[in-house]
Amino acid sequence: MWRNCRSFSSKLRLSSSSFDPSTTTSVPTFYRHVGVVRRALYPYSSSLYSSLSSSPSSSDPIRLGYSNSHGVRVFSSVADPSSLASAPAVSRVREVVDLARHYGSCYWELSKARLSMLVVATSGTGFVLGSGSTMDLAGLCWTCAGTMMVAASANSLNQVFEIKNDAKMKRTRRRPLPSGRITVPHAFTWATSVGLAGTAMLAAKTNILAAGLAASNLILYAFVYTPLKQIHPVNTWVGAIVGAIPPLLGWAAASGQISLNAMILPAALYFWQIPHFMALAYLCRDDYAAGGYKMFSLADASGQRTAAVALRNCVYLVPLGFLAYDWGITSGWFCLESSILTLAISATAFSFYRHCTMQKARRMFHASLLYLPVFMSGLLFHRLSDNEQTMEEDSSERMLDGLVQEDRYTAQENKTEQRQSVAQSRPPVAYASIAPFPFLPVPVYADS
């Protein structure tokens, strides 16, 4: 038996050493002698090979393999022919998943999703502030969803109109449109459809005022602010108006109207955007110049005017905390916290004004990123409900009534004292002379 094994192994070595890959009949003969299937240690090709027998049957297993350096196909696994029926379906599902992932990524970048979520946060904050003591959670969700869709539409249209400018800038050349990952008609169709759907949602689920604010903001951003960026530096202030509208949208969606109290958060957003974009425009001014944009910082080589504008608008943020407390929107603690927060961002702006360097501008930019979420969180945390506002108004009215009554009492006392002093200054009258003669008239004084 051992001899037979040795003779078989010697024949096997002889056949493998004398194996010629160019001959087609040697391949099945070789594997018919070996009788084993080697498992591949490396990736194999997707080709499917049939059985090595000269006349394979349908029930024979199918071996998957690859060609090694000698040209020999080494088989890695055995597959059942019945399992291949599901291969086209699996490939189709994989293609659909890859396509959905591709366009989902393109839509995410077209919408500027992180910026749109910031817009949604400001709109949601406005909704909470305008709700009073009771808040409609379903209305809040509909408002946030509609705002997200309208913001995504505005940002997508912005990229459709600025495709040539974005292709010239390092910061934006990898976006879906300049890189060719999506076509312009596809992006335009996406933008218009999602914008119309978001506006219709706000009109149906909230009110016409909120939908009108959303539609006007979309038009202002896509058709006024976007072309103005290539015409005049005033685009920064127009963009600040665009950013101040979403809180009004949320307030209108909650209360159905716009009052003076609704202007606190929009004012904060307007004044906050100026130092934020001034810092960004200073940091990216070379990129903006390459893209053909007319930014304020491009006409300011030293950076002094840019820093002065940023500092001035930071100072405008100071009284907003006091106004929120004075108008009964928040408690007194927010006034203190807002003042400290505003002084902090003003300090970074003043530091940038003294030394106009990239480092100082970046520090002011980071401070602006921190300011807005902290300010909105303080508004929500210290806000007063309608009941608390009513209690404070009643207490103030009671205090006012008490002061008025006290003034009236003081005035009456003063009148009494004046009468007494006048009576004492009059000449004495012999009242006893009247008693015996009641028919006599009462004496009349000349000065009375």
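The values are calculated or read from the model by the stated rules, or taken from the named source; none is laboratory data. Predicted model only: the values in this text are computed from it and were never measured. For neighbour counting, all protein chains shown are included, and Cβ atoms are generated from backbone atoms with ideal geometry for every residue, glycine included. Just so you know, the surface numbers come from the protein's heavy atoms only, side chains and all, with ligands and any DNA or RNA stripped out. Shrake-Rupley method; radii C 1.70, N 1.55, O 1.52, S 1.80 Å.
Residue 252 - would you say it is out of contact with any Lys or Arg (no Cβ under 9 Å at 6 or more places or on another chain), part of a helix (DSSP H, G or I), hydrophobic (A, V, I, L, M, F, W, C) and modelled with pLDDT of 95 or more?
yes
Across segment 258-295, what is the number of residues that are of a type in the set (Val, Ile, Thr) and either open to solvent by 30 Å² or more (accessible area, probe 1.4 Å) or under 30 Å from residue 208 (Cβ atoms) (or both)?
So in segment 258-295, the residues of a type in the set (Val, Ile, Thr) come out as 258, 264, 274.
Filter again for either open to solvent by 30 Å² or more (accessible area, probe 1.4 Å) or under 30 Å from residue 208 (Cβ atoms) (or both), leaving 258, 264.
Summing the residues that are of a type in the set (Val, Ile, Thr) and either open to solvent by 30 Å² or more (accessible area, probe 1.4 Å) or under 30 Å from residue 208 (Cβ atoms) (or both) in segment 258-295 gives 2.
Got a number for residues in segment 296-321 being open to solvent by less than 60 Å² (accessible area, probe 1.4 Å), more than 14 Å from residue 341 (Cβ to Cβ) and in contact (Cβ under 8 Å) with a residue 24 or more places away in the chain? Give the derivation first.
Of segment 296-321, the ones open to solvent by less than 60 Å² (accessible area, probe 1.4 Å) are 296-297, 300, 303, 306-311, 313-314, 317-318, 320-321.
Next, from what is left, pick out any that are more than 14 Å from residue 341 (Cβ to Cβ): 296-297, 300, 303, 306-311, 313.
Of the ones still in play, those that are also in contact (Cβ under 8 Å) with a residue 24 or more places away in the chain are 296, 303, 306-311, 313.
Going through segment 296-321 one residue at a time, the tally reaches 9.
Here is a list of conditions, (1) of a type outside the set (A, V, I, L, M); (2) assigned to a helix (DSSP H, G or I); (3) open to solvent by 50 Å² or more (accessible area, probe 1.4 Å); (4) farther than 22 Å from residue 123 by Cα, and residue 377 meets all of them except one; can you say which number that is?
Result: residue 377 fails condition (4) only.
Let me confirm something: among 187, 211, 200, which residue is surrounded by fewer than 17 Cβ atoms within 10 Å (Cβ to Cβ) and of a type in the set (A, V, I, L, M, F, W, C)?
200
Table: residues versus (1) touching a residue at least 60 places away in the same chain (Cβ under 8 Å); (2) assigned to a helix (DSSP H, G or I); (3) of a type in the set (S, T, N, Q).
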position	(1), (2), (3)
123	yes, yes, yes
128	yes, yes, no
133	yes, no, yes
147	yes, yes, yes
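Among the residues of segment 224-249, which ones are in contact (Cβ under 8 Å) with a residue 12 or more places away in the chain and either open to solvent by 40 Å² or more (accessible area, probe 1.4 Å) or not in a helix (DSSP H, G or I) (or both)?
224, 227, 229, 230, 231, 232, 233, 237, 241
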